[in-house]
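No lab work stands behind these numbers, since they all come straight from the coordinates. These figures come from a predicted structure and were not determined experimentally. So basically every Cβ, Gly included, is an ideal-geometry build from the backbone, and we count neighbours across all protein chains shown.
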Amino acid sequence: MTDWMQTVRLHAAIQSAALGQARHGVVTSVDPSAHAVRVTIQPEGLETGWIPDGAVAAGGLKIVCPSEIGTQVLVVPVEGDAEHPVVVSRLFDATVLPPRSPFTNALVQPGEFALFAKDGTCLHFAQGNLYLQGNLHIQGSVQASGDVVGGGVSLQRHTHGGVQSGQAFTTAPQAANG
């Protein structure tokens, strides 16, 4: 190999080593108003300045969930510049376990989707079902093509004694003569 080829390879290796690499880290501070976090890079233990905390967006759909302190994250340098990192993902491992669904008592499986909130609220799409733990507030109408059951009471099978079926309307109750 010629000297100039060795020189080119040496410079290429130096440039490659200078590029920032994806790193694991743990969130140490959170600024929700700026959607930014500080992260301690592992294993060196060096803390970043304020960096963007990743989110998911596609068209008009936006999913925003600021990281919590103690969350393990993957930090990637923007365009290979180690001075400009961004959090791109949260990670689970043997120390920071993924949450279990309160409905199936299992980890979320492939093909399922779940949202977990700090207060215990959970929304879980699994095996053709939508499970919700928490309060549901709806602004707008609700339509159902099947039965609606609340507290074990079916709207299709529920009846009231003394009420006649048919097209008539119920009138306001009359005051008793006394």
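Of note:
- Residues considered: 138, 63, 41. Largest GNM mean-square fluctuation over the chain, using C-alpha springs under 10 Å, is found at 138.
- Added length on full extension, which subtracts the Cα-Cα distance from 0.36 nm per residue, residue 132 to residue 47: 26.8 nm
- If you run the Gaussian network model on the chain, springs between alpha carbon atoms under 10 Å, then out of 54, 134, 146 the most flexible one is 146.
- Per-residue Karplus couplings for the range 52-69, computed as 6.51 cos²θ - 1.76 cosθ + 1.60 with θ equal to phi - 60°, are listed in order as x, 9, x, 9, 10, 8, 8, x, x, 7, 9, 10, 10, 8, x, 5, 9, 4 Hz, Gly and Pro entered as x.
- Candidates 114, 82, 57, ranked by Gaussian network fluctuation over the chain, Cα under 10 Å, top entry: 57
- Cα centroid separation, the range 32-73 to the range 141-161 (Å): 44
- Low-density loop cleavage sites - GluC sites (Glu not before Pro) in the range 70-146, where at most 15 other Cβ are within 10 Å (DSSP): 79, 112
- Taking amide H as placed 1.01 Å from N in the peptide plane, the amide H of residue 29 sits under 5 Å from that of 38, each at least 5 places away or on another chain.
- Simple Cβ-charge dipole of the chain, Lys/Arg +1 and Asp/Glu -1, about Cα centre, in debye nearest 20: 640
- A simple spin-label model places the labels of residue 79 and residue 112 4.3 nm from each other, with each point 7 Å out along Cα-to-Cβ.
- For percent of Cα pairs over 28 Å apart, the value calculated from this model appears in [x] 54; [y] 69; [z] 18 under label [x].
- Estimated vicinal HN-Hα couplings, Hz - the range 37-45 in sequence order (Karplus 6.51, -1.76, 1.60; Gly, Pro = x): 9, 10, 10, 8, 6, 9, x, 5, x
- Angle in degrees between helix 3-18 and the longest Cα principal axis of the chain, rounded to the nearest 10: 40
- Residues residue 61 and residue 149, FRET efficiency given R0 of 25 Å [Cβ-Cβ distance, rounded to 0.05]: 0.25
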